[in-house]
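Have a look at the structure below, then the notes.
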Amino acid sequence: MQFWLKTVYLLYMEYEIKPHEKLSLGIKELWQYRELFFFFTWRDIKIKYKQTVLGFAWAVLQPIIMMLIFSAVGSAFNIPKAGIPRPLFVYSGLLLWNIFASGITNAGNSMVSNANIIKKIYFPRLIIPISSVLVALFDFIMTFTVFIAMLIYYFVTGQIHIDIVGFMLMLPVSIFITSLSTFGLGSLLAALNVKYRDFRYVIPFMVSVLLFLSPVMYPISGSHFVWAKYLFALNPLYSAIALFRTTFSDSTLHIYLVLISLASSLFLFVAGVFYFRKTEAYFADMA
Amino acid sequence: MMNPILEIKSVSKKFRIQHNAQPYLSMRDSITSVFKREKMTAEDFYALQDISFNVEQGESLAIIGKNGAGKSTLLKVLSRITPPSSGSIISRGNIASLLEVGTGFHPELNGRENIFLNGSILGMKRKEIQAKFDEIVDFSGTEKFLDTPLKHYSSGMQLRLAFSVAAFLEPEIMIIDEVLAVGDASFQKKCMGKMEDVSRSGRTILFVSHDLNAVSTLCKKAILLEGGKIKISGDTQDVVSSYLQSAGISSTWVQKKDISTPHFKSVDVKLKGEQPAHKLEISFEIQCTANMLPSFVAFDILDKMNTPLGQAIPVVEPFIRAGNEVRKYEVEIGLPAIIPGDYYIGVWMGPHYNETYDWQKECVEFSIVDSPQKNRTFQHTANHGYFVPESKLIQ
């Protein structure tokens, strides 16, 4: 038997606390608590770079180093790169990958690391994993400035062509897809982590495995097997990275693969939020 | 007639207690339990059972009771941290709960940042915090350290800052759990004054405390919880005095097993008198045997963590003679001035100090509820020991 807390707004400021079974995202309540998003995100960003010499530079340094390594490895093994300079190819993948990786890592641990607050104060619990994704998006902004610089450099030197309209359109779309799946998987992991502490070990392992299954270093069109392409397309990040890259490279979009990936991203979002909302009432008892 | 601001309708909270279980599940346990024949033994435990009461607008209500009576669980249900297993609560105002001061304080952030973070977690709007910022800082007396990371604050300063943020909350209903026991005496006084202002300003307060003095000053009405149920509710003075009596109620232990060696059959303890001269009246029955050596008894007084605090031996030479019968004895133990809390008594019997017939290590329980110092408003903590020596200022 599953009960969870549901706040029924009867009149303005009048509500009932009782065991209940209906599910929703609770948008109205999230909106009432909107300032908390800001404060949790702001706190996590502040703390992340406190007492570090390089500060925000860390957000940029990590993907740059990864880019150098991946470019070197990619050149050594002559991995396809969709007709654009390899650093740009790798970095554009890493850009979105980093939102996903740091988002699910932070969100996945967020409920356990904020257990002391959860046990003492009520607020819509979804705020915490959402804030974790917002922190990842903040880091994205930093890494994105480097990307823009690279893009301009390669464009001016004539090494690439950019479909400006497509780029302006696809950039928010791919960020949205990435955030949606990051938030979905992140809140699923967060809820599971409260109940099964095994996920403390699962999450970092998952992140490193998924990096090699994502088209960061290679395009999935490079695969010789059709079934492998479909399998790779189950990765929600595939559509985000493919849609983004297509605006400045000569890779072609495989619409079915993109749709599969979009469906998988939507599924992660729904499943994650559903499971989170279903179990959140008992976080305080278990955390 | 206005509707009550809070209506609590037959609320129960059930916990499942798993024996030999870790506080959290691991996948291994979940997976192996599918294959295991024997399930983990689980037991239902009602932390709250069928609680119903109303709180009127502007009323201050105290919730008192021993440790484990369900006070904190009730507050958690009211503040929506944990859902009730059954029953419902109707609230007609916004609730701010202070189950702890300084929730969400982060040691790496400085005083200013923590005020904003904590205030926001407690439900204040950013503008509200900005408007009250100077008052909060002033009340806490930490203005010099606003830009210092919290980790460099003394614990007293952290608590003062935390309470100051909470003191400027303006919800319609305020739920407070023993957070007044903060800081030094002068800050205590300031806090109590602030709380009185809050209650006079027409806001509704629910206040849980062990501190009967604070309860009596702040609240007109009170509820006494015992074993998850409401034992009595009404005027604070009546409830408090009933609590003081009930706390002295006897606690009895009976040996249920069949034992062939000499042993305690039952132990019953009554707490009599008042601070600082409590008395324990212990009556016990001993099953003697024909071939036993003459024996004597000892009583350990232990705290909740089973740390022995003292031992009473009424007769230091063997006085219980052999014989195939049950013998009944009564002893009286005088207690020194002792801090409020729950204590255990362990009973021992044997013929010699290094030969034991029966030893029940935590057999019966008693609770001390009031402070040995009459006008003390701040809590006692075990960090400073259990006994309160008499002291006075001479010069």
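Listed values, structure above:
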item	result
Order of B:Leu74, A:Leu268, B:Leu225 - criterion: other Cβ atoms within 10 Å of each residue's Cβ, fewest first	A:Leu268, B:Leu225, B:Leu74
Cα-based equivalent ellipsoid of the range B:117-214: semi-axis lengths in Å, sorted from largest, via gyration tensor	22, 18, 11
Alpha carbon convex hull of the range B:255-395, volume per residue in cubic angstrom	129 Å³
Crossing angle, helix B:155-167 versus chain B [Cα axis fit, 0-90 degrees, rounded to tens]	60 degrees
Relative contact order, percent, chain B [alpha-carbon distance under 8 Å, six or more residues apart]	14 percent
Chain A: most fluctuating residue of A:Phe138, A:Phe167, A:Phe225 per GNM, C-alpha cutoff 10 Å	A:Phe225
Sites matching trypsin sites (Lys or Arg not before Pro) across the range B:106-172 that sit in DSSP coil, with at most 15 neighbouring C-beta atoms within 10 Å	B:Lys125
Kyte-Doolittle mean at least 0.5, axial Cα span of 27 Å or more - DSSP H helices of chain A	A:57-76, A:86-113, A:127-156, A:164-195, A:255-279
Surface/4 estimate of mean projected area, convex hull on alpha-carbon atoms of chain B, nm²	26.9 nm²
MRE, 222 nm, helices only [DSSP H, n ≥ 4, -39500 (n - 2.57), over the protein assembly as shown, to nearest 500]	-13500 deg cm²/dmol
Square roots of five times the Cα gyration tensor eigenvalues for the range B:208-273, Å	36, 12, 9
Ratio of Rg to Rh over the range A:64-165 (Cα coordinates, Kirkwood Rh, two decimals)	1.15
Percent antiparallel among DSSP beta bridges (both partners in the protein assembly as shown, rounded to 5)	80 percent
Rg ratio (alpha-carbon, reference 2.2 N^0.38 Å) - the range B:327-388	1.48
The protein assembly as shown, Cα convex hull volume normalised per residue, Å³	230 Å³
Nearest 10 degrees, 0 to 90: helix B:111-121 Cα axis against chain B principal axis	80 degrees
Residue of B:Tyr329, B:Tyr243, B:Tyr344 that the Gaussian network model of chain B assigns the largest fluctuation, springs spanning Cα pairs under 10 Å	B:Tyr329
Gaussian network model of chain B, springs between alpha carbon atoms under 10 Å - residue of B:Glu56, B:Glu226, B:Glu108 with greatest fluctuation	B:Glu108
Burial ordering of A:His254, B:His152, B:His210, fewest other beta-carbon atoms within 10 Å first	B:His152, A:His254, B:His210
Antiparallel bridge percentage (DSSP; both residues within chain B; nearest 5)	80 percent
Percentage, to the nearest whole number, of Cα pairs in chain A over 25 Å apart	50 percent
Cα-based equivalent ellipsoid of the range B:61-149: semi-axis lengths in Å, sorted from largest, via gyration tensor	31, 15, 12
Acute angle (nearest 10 degrees) that the helix B:126-140 long axis makes with the longest principal axis of chain B, alpha-carbon atoms	60 degrees
Exposure proxy order (Cβ contacts within 10 Å, fewest to most) of A:Trp97, A:Trp31	A:Trp31, A:Trp97
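Every number in this text was worked out from the coordinates using simple rules, so none of it is lab data. Not measured: the values here are computed from a predicted model. Cβ coordinates were reconstructed from backbone atoms using ideal geometry, including for glycine residues, and neighbour counts include every protein chain displayed.
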